[in-house]
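*Asks:* Just passing along the structure, written as structure tokens.
The values are calculated or read from the model by the stated rules, or taken from the named source; none is laboratory data. As the structure is a computational prediction, the values presented were derived from the model and not from experiment. Because the Cβ atoms are built from the backbone with ideal geometry, glycine has one as well, and the counts that use them run over all protein chains shown. Areas reflect the complete protein model, heavy atoms only, side chains present, ligands, DNA and RNA absent. Shrake-Rupley method; radii C 1.70, N 1.55, O 1.52, S 1.80 Å.
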Amino acid sequence: MGNLLKVLTREIENYPHFFLDFENAQPTEGEREIWNQISAVLQDSESILADLQAYKGAGPEIREAIQNPNDIQLQEKAWNAVCPLVVRLKRFYEFSIRLEKALQSLLESLTCPPYTPTQHLEREQALAKEFAEILHFTLRFDELKMRNPAIQNDFSYYRRTISRNRINNMHLDIENEVNNEMANRMSLFYAEATPMLKTLSNATMHFVSENKTLPIENTTDCLSTMTSVCKVMLETPEYRSRFTSEETLMFCMRVMVGVIILYDHVHPVGAFCKTSKIDMKGCIKVLKEQAPDSVEGLLNALRFTTKHLNDESTSKQIRAMLQ
């Protein structure tokens, strides 16, 4: 039973409490088809992150080209440096589309009648784990993207150069790879401070709007329950002791923050109001009990990427905790 979601015998403040074995949950036969689909997407996530982490940009080449506009060799050098980077950025963007579809498939499985979201999470632990892996990837991707201004600079240079050549009736081979329509979509994606999170938020909102017979509470309850799962595992020594590595602890924290942010974007009044089904004070307290250098990025994510933190309905205590 170690890999199953288990209801804790104690109920605190009427929030659902579960343990989910993020390390060992395996799909049942009923989950396997969807699990395989999502797994096929997630198997590329680590290479995407490694590629993004190694992204250095073409800043020096672009600066030289801009400072010497009449030097053809420097223009070609900058262009040759930027083009493979744009192809890499296209790969990241296309992965976001795959991730969007994967999330919608998971939401459909974890919210559909006749089971409640809580019952789904009890019965379909492996799908819940994949949902967590998507959120974990999303926060890691956006953290890396926010720390890398070269991405925006490279893509802006690419678009300016393409536009200039189009005016001069020149066609470049890379336009077969990244045409104007694709460049427009990529530009909107990378203009976001947290593009993967925006993708997941839009995917969740689209899922809700497309499934009008499904109450929005089914979706938000799925998110709030997942938050509670993570919080309980982090604050309960009995459950934390089941983690075999510190990486799982960090995974759990990232997932908790990711679900809070997603809930805050999807729920009409957000995660911070008194009627929220998320114990925000408890979640922030759990984060603040960890080593500061390991959670500062997560606390910043709550400060700067949530939607409703600064609403009047947010208590002064919660705002003070996040200052």
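*Asks:* How do 103-115, 207-219 rank on mean C-beta neighbours within 10 Å, highest first?
*Replies:* Result, highest mean Cβ count within 10 Å first: 103-115, 207-219.
*Asks:* Which ³J(HN,Hα) values in Hz, rounded to whole numbers, follow from the phi angles of segment 71-87 under the Karplus curve 6.51 cos²θ - 1.76 cosθ + 1.60, where θ = phi - 60° and Gly and Pro get x?
*Replies:* 8, 4, 5, 5, 5, 5, 4, 5, 5, 5, 6, 7, 4, x, 5, 5, 4
*Asks:* On the protein heavy atoms, probe 1.4 angstrom, tell me the percent of accessible surface of the chain carried by carbon and sulfur.
*Replies:* The computed percentage sits at 50.
*Asks:* Using each residue's phi in segment 312-319, evaluate 6.51 cos²θ - 1.76 cosθ + 1.60 at θ = phi - 60° and report the 3J(HN,Hα) Karplus result to the nearest Hz, with x for Gly and Pro.
*Replies:* 4, 6, 7, 5, 4, 5, 5, 4
*Asks:* Now a separate question. Separation between the residue 313 and residue 80 pseudo-spin-labels, each 7 Å from Cα along Cα→Cβ, expressed in nm?
*Replies:* Those two pseudo-labels are separated by 5.8 nm.
*Asks:* Can you give the net charge of the other residues whose Cβ lies under 14 Å from the Cβ of residue 194, counting K and R as +1 and D and E as -1?
*Replies:* +3
*Asks:* Right, something else. I'd like to know which of 317, 72, 48 lies farthest towards the positive end of the charge dipole of the chain, counting +1 on Cβ of Lys and Arg and -1 on Cβ of Asp and Glu.
*Replies:* Going by the Cα projections, it comes out as 317.
*Asks:* Return the label of the correct value of Kirkwood radius over Cα pairs in Å, as calculated from the structure shown, out of (i) 22.9; (ii) 23.5; (iii) 21.3.
*Replies:* The calculated read-out lines up with (iii).
*Asks:* Let me ask something else. Can you flag which of 56/77; 145/231; 56/307; 281/316; 101/231; 198/316 are past 20 Å Cα-Cα?
*Replies:* Cα-Cα > 20 Å for 145/231; 56/307; 101/231; 198/316; rest within.
*Asks:* Between residue 51 and residue 187, what is the spin-label point distance in nm, taking each point 7 Å from the Cα along the Cα→C-beta axis?
*Replies:* That separation, rounded to one decimal, is 2.3 nm.
*Asks:* At what distance in nm do the modelled label points of residue 163 and residue 24 sit from each other, each positioned 7 Å from its Cα along Cα→Cβ?
*Replies:* Simple spin-label model gives 5.7 nm for this pair.
*Asks:* Additional query: With +1 on the Cβ of every Lys and Arg and -1 on the Cβ of every Asp and Glu, and nothing else charged, how large is the dipole of the chain about its Cα centre, in debye rounded to the nearest 20?
*Replies:* Charge dipole, the chain, about its Cα centre: 820 debye, nearest 20.
*Asks:* How would you order 39-52, 308-321 from highest to lowest mean count of nearby Cβ atoms within 10 Å?
*Replies:* 39-52, 308-321
*Asks:* Using the heavy atoms of the protein chains alone and a 1.4 angstrom probe, what is the accessible area of the chain per residue in square angstrom?
*Replies:* Accessible area per residue: 49 Å².
*Asks:* Which value at 222 nm does the chain reach when only helices count, each DSSP H run of 4 or more adding -39,500 (n - 2.57), with the total divided by all residues and rounded to the nearest 500 deg cm²/dmol?
*Replies:* Result for the chain, helices only: -22000 deg cm²/dmol.
*Asks:* Just to confirm the filter: which trypsin sites (Lys or Arg not before Pro) across segment 27-66 are DSSP coil and have at most 16 other Cβ within 10 angstrom of their Cβ?
*Replies:* 56
*Asks:* Next question. Of 224, 28, 151, whose Cα points farthest to the positive end of the dipole of the chain (charges on the beta-carbon: +1 Lys, Arg; -1 Asp, Glu; origin at the Cα centre)?
*Replies:* 151
*Asks:* Give me a comma-separated list of calculated 3J(HN,Hα) values for segment 125-132, in order, Karplus coefficients 6.51, -1.76, 1.60 applied at θ = phi - 60°, integers in Hz, x for any Gly or Pro.
*Replies:* 5, 5, 5, 4, 5, 5, 4, 4
*Asks:* Then there is this: Distance from the Cα centre of segment 100-139 to that of segment 229-307, in angstrom?
*Replies:* When both Cα centres are located, 18 Å separates them.
*Asks:* Right, next: Among 125, 60, 189, whose Cα lies farthest out toward the positive end of the dipole of segment 20-193, if unit charges sit on the beta carbon of Lys, Arg (+1) and Asp, Glu (-1)?
*Replies:* 60
*Asks:* Rank these residues by their accessible area, most exposed first, probe 1.4 Å: 97, 261.
*Replies:* Reading off the accessible areas and sorting them downward yields 97, 261.
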